[in-house]
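Reviewing the structure listed below.
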Amino acid sequence: MSRSKYRCVVVTNDAITVLESSKRSGGAKPQEMVGRMPRHTRLGRASGRWAEVDLLGERHWVHQRFHDQIAAADREAGF
């Protein structure tokens, strides 16, 4: 677990921004921008308790409570 990275993902009309967060906040307090992806990027089909999502070439795991937000972001992007 010491190598875990906590990310906060912000989806706007123009882009998907990935922010680095502290472990203590569990991803809730962004500290700096890691990168941006085009808005038409598909985040992926989320299923199960933990869904695997590729962000900027890195594999991340997203808890089930956020799967609805992933589906909504993909739907709004036309997927």
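The table below lists the values:
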{"item": "Test result for GLY78, among the small types (Gly, Ala, Ser), open to solvent by 30 Å² or more (accessible area, probe 1.4 Å) and either on the phi > 0 side of the Ramachandran plot or assigned to a loop (DSSP other than H, G, I, E, B) (or both)", "result": "yes"}
{"item": "Residues located in region 43-72, provided they are closer than 21 Å to GLY26 by Cα and part of a helix (DSSP H, G or I)", "result": "GLN64, ARG65, PHE66, HIS67, ASP68, GLN69, ILE70"}
{"item": "Count of residues meeting criterion [in a loop (DSSP other than H, G, I, E, B) and of a type outside the set (A, V, I, L, M, F, W, C)] in region 22-41", "result": "10"}
{"item": "Residues of region 1-32 that turn out to be more than 21 Å from ALA71 (Cα to Cα) and surrounded by 12 or more Cβ atoms within 10 Å (Cβ to Cβ), as a count", "result": "8"}
{"item": "Which numbered condition LEU19 fails, given (1) assigned to a strand (DSSP E or B); (2) under 10 Å from the mean Cα position of the chain (by Cα); (3) under 19 Å from GLU76 (Cα atoms); (4) free of Cβ contacts under 8 Å to residues at least 40 places away in the same chain", "result": "(3)"}
{"item": "Close pairs from region 47-73: first in contact (Cβ under 8 Å) with a residue 24 or more places away in the chain, partner in a loop (DSSP other than H, G, I, E, B), Cβ under 6 Å, at least 6 apart", "result": "ILE70/LEU43; ILE70/ALA46; ALA73/LEU43"}
{"item": "Candidate set: region 33-52, residues that are charged (D, E, K, R) and touching a helix residue (DSSP H, G or I) at 6+ places or on another chain (Cβ under 7 Å); chosen: the one most open to solvent (accessible area, probe 1.4 Å)", "result": "ARG49"}
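The values are calculated or read from the model by the stated rules, or taken from the named source; none is laboratory data. Being a predicted model, the structure only gives us computed values, none of them experimental. Because the Cβ atoms are built from the backbone with ideal geometry, glycine has one as well, and the counts that use them run over all protein chains shown. We work out accessible area using only protein heavy atoms, side chains counted, and drop any ligands, DNA or RNA first. Shrake-Rupley method; radii C 1.70, N 1.55, O 1.52, S 1.80 Å.
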